[in-house]
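Below is one structure, written out as structure tokens, with a few remarks after it.
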Amino acid sequence: MSFRAVFFDAGETLVHPEPSFPELFARITAREGHEVDPPAVVEASKVVLQRFSEAADDRELWTTSPERSRGFWMPVYERMLETLAVPDGERLAQILYSEFTDRANYGIFGDVEPALDALESGGTLLGVVSNFEAWLEDLLGELRVRDRFPVRVISGIEGIEKPDPRIYELALERAGVAAVDAAYVGDNPEFDVDPPSRLGMFAVLIDRRGRHEGFPGTRITDMRQLPEVLG
């Protein structure tokens, strides 16, 4: 193994809404009397990435308190519902926010633990660096993987968010490793590839859904490919 430490994003990298964001979204709206197709939700959910980028550009912190989180996600859900032509958007947005902050609705990707096993067997230190509300700590504990990540830098606890380089620097400091000795894995090029790369870390894009097939950097489609890539 060429790297002393490997850090991971959390949402859509390690953990995900079950069975997936669009499928859970569609189930919730169907339960409330509005049928939408998951593929249509996928299209409507592009607003999520747009808002992430807007928040980063405006230095708008959205995970650092429950109030900020709600203030970020409620308009996102309302815009998605409007795109899907689903009425009563404000009421449904409140329901969606409640469901997507319910830890019971999350699971860990099946390809994650085999990759962690392989990395740990080589003595690699593992960590999490994530834009996520503070309840990610409890979620990782309930999924029985928290202790596999001795270094955890969660924006909702630390008060800083990607792409701010300080969040990666804090992880490196806690791990006691230099940037050139660390890798970072995430699903969003803007937040998980460019910033750690600028610090000298080796960045890997995890693209399970094939959204970035033309990506010019290091890209994997299954986390079990990671140990070989890092080797």
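The values are calculated or read from the model by the stated rules, or taken from the named source; none is laboratory data. These numbers were taken from a predicted model, which means no experiment stands behind them. Positions of Cβ are generated from backbone atoms using ideal geometry, with glycine treated the same way; all protein chains shown enter the neighbour counts.
Name the single residue, out of those in region 133-174 being of a type outside the set (Val, Ile, Thr) and touching a Gly at 6+ places or on another chain (Cβ under 6 Å), that is nearest to Ser69 (Cα to Cα). Only one residue tops the list, namely Glu133. You will find that of Gly71, Gly33, the residue that is of a type outside the set (A, V, I, L, M) and not in a helix (DSSP H, G or I) is Gly33 and no other. Confirm whether Arg51 is over 18 Å from Asp192 (Cα atoms), in a helix (DSSP H, G or I) and either within 19 Å of the chain's Cα centre (by Cα) or in the same structural domain as Asp192 (by TED's automatic domain parsing) (or both). For Arg51, the condition - over 18 Å from Asp192 (Cα atoms), in a helix (DSSP H, G or I) and either within 19 Å of the chain's Cα centre (by Cα) or in the same structural domain as Asp192 (by TED's automatic domain parsing) (or both) - is not met. Suppose we keep only residues that are part of a helix (DSSP H, G or I) and under 17 Å from the mean Cα position of the chain (by Cα) within region 105-114. Which one would you say is farthest from Thr63 (Cα to Cα)? The residue in question is Glu113. Scanning region 135-152 for residues that are of a type in the set (A, V, I, L, M, F, W, C) and without any contact (Cβ under 8 Å) to a residue 40 or more places away in the chain returns a single hit, Trp135. Among Gly110, Gly89, which is of a type in the set (Gly, Ala, Ser) and out of contact with any Asp or Glu (no Cβ under 9 Å at 6 or more places or on another chain)? Testing whether each residue is of a type in the set (Gly, Ala, Ser) and out of contact with any Asp or Glu (no Cβ under 9 Å at 6 or more places or on another chain) leaves just Gly110.
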